[in-house]
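Structure first, commentary second.
The values are calculated or read from the model by the stated rules, or taken from the named source; none is laboratory data. If you're wondering where the values come from, they're calculated on a predicted model, not measured in any experiment. Glycine also receives a Cβ, built like all others from the backbone with ideal geometry; neighbour counts cover every protein chain displayed.
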């Protein structure tokens, strides 16, 4: 058994953010029921998966628990199942460094033990300082540099040095737009492994735009190393965009090949719940999600061009290849419109169009 390998299920968090995004963009009205949130968490606890992420924490005018988004660490911690293995952790994700540290309590056993923080590239120092503050409060901090491929060597070193200084639990490689190749993972892994203190885990969060999530995960874990490695996954791959590595695939593989003992029946029970959210193709492989990965751009451009502007795949491919560099990673509806105008496509969006995922 490879005891230094951990599986983290983020179905509720990444799936919840996917539902929120679909609602914001008038693509779907699906929302988690509170019963489903409870049952997913309970079954993931029973599955013996090492780390269960329960959702996100974000400052909002009102709770958005139908998307597993909570206003503070206390509220999300109330959803923790009462029974868990001694080695099992519950996690909450901060979507940035916006919550004042003084509003976050010192960790105690009634709160999520693990906190994951999306590192905001435009506010790198602020994000890392926020992580360090959470670590000082007693939380196990997971440093999540979204779209890790955009970080240059000096910024990677800054991430590694900050993780060491704060005593982070993990530093992640995050394939936000699903275009990483095994060689990219190998390069970043070697940099992390060379620079990180040995007791800091390295994590990998895959997206499936090019159907490479599973193969990339294998290239990440199949190495002879003592350091703890963490793989993220979601039931049925539920998540933003093309979705994530599927929990049911990776858990079965780890049971067969790494001596793990995850309860596969409990994982299938989670899949049974999540399947009801599959009907509108809100995640999963599609040509619309493949094209932006090929061009290494934000996937929402292609979704917008297809869903709201009715462009053909050929047109989308041509436009994505011409996006000015300052827009590549910065999708907004306004930027999408500017790009279309620059490329000679002066169409108005149709928010009642067909589902072009």
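Figures for the structure shown
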{"read-out": "Elements of type strands (runs of 3 or more DSSP E) contained in region 3-109, each with 2 or more residues being over 20 Å from residue 250 (Cα atoms)", "value": "51-57, 89-94"}
{"read-out": "Selected residue [over 18 Å from the mean Cα position of the chain (by Cα), assigned to a loop (DSSP other than H, G, I, E, B) and either exposed (fewer than 15 other Cβ atoms within 10 Å of the Cβ) or in the same structural domain as residue 178 (by TED's automatic domain parsing) (or both)] from 322, 256", "value": "322"}
{"read-out": "Any hit, region 99-112, residues being in contact with a strand residue (DSSP E or B) (Cβ under 6 Å, 6 or more places away or on another chain), surrounded by 19 or more Cβ atoms within 10 Å (Cβ to Cβ), within 30 Å of residue 292 (Cα to Cα) and assigned by TED's automatic domain parsing to the domain that holds residue 262", "value": "no"}
{"read-out": "Some residue of region 100-112 being closer than 17 Å to residue 174 by Cβ and in contact (Cβ under 8 Å) with a residue 12 or more places away in the chain", "value": "no"}
{"read-out": "Flag if residue 168 is in contact with a strand residue (DSSP E or B) (Cβ under 6 Å, 6 or more places away or on another chain), in the same structural domain as residue 88 (by TED's automatic domain parsing) and without any contact (Cβ under 8 Å) to a residue 40 or more places away in the chain", "value": "yes"}
{"read-out": "Total residues in region 189-210, condition under 28 Å from residue 272 (Cα atoms) and in contact with a helix residue (DSSP H, G or I) (Cβ under 8 Å, 6 or more places away or on another chain)", "value": "6"}
{"read-out": "Within region 212-253, tally of residues that are out of contact with any strand residue (DSSP E or B) (no Cβ under 8 Å at 6 or more places or on another chain), under 18 Å from residue 172 (Cα atoms) and assigned to a helix (DSSP H, G or I)", "value": "3"}
{"read-out": "Counted residues, region 198-219 - those being buried (at least 24 other Cβ atoms within 10 Å of the Cβ) and either farther than 23 Å from residue 295 by Cα or outside the structural domain of residue 118 (by TED's automatic domain parsing) (or both)", "value": "1"}
{"read-out": "Matching residues in region 45-67 - criterion: being under 15 Å from residue 93 (Cβ atoms) and touching a residue at least 60 places away in the same chain (Cβ under 8 Å)", "value": "51, 53"}
{"read-out": "Some residue of region 229-237 being over 30 Å from residue 24 (Cα atoms), within 17 Å of the chain's Cα centre (by Cα) and at pLDDT 95 or above", "value": "yes"}
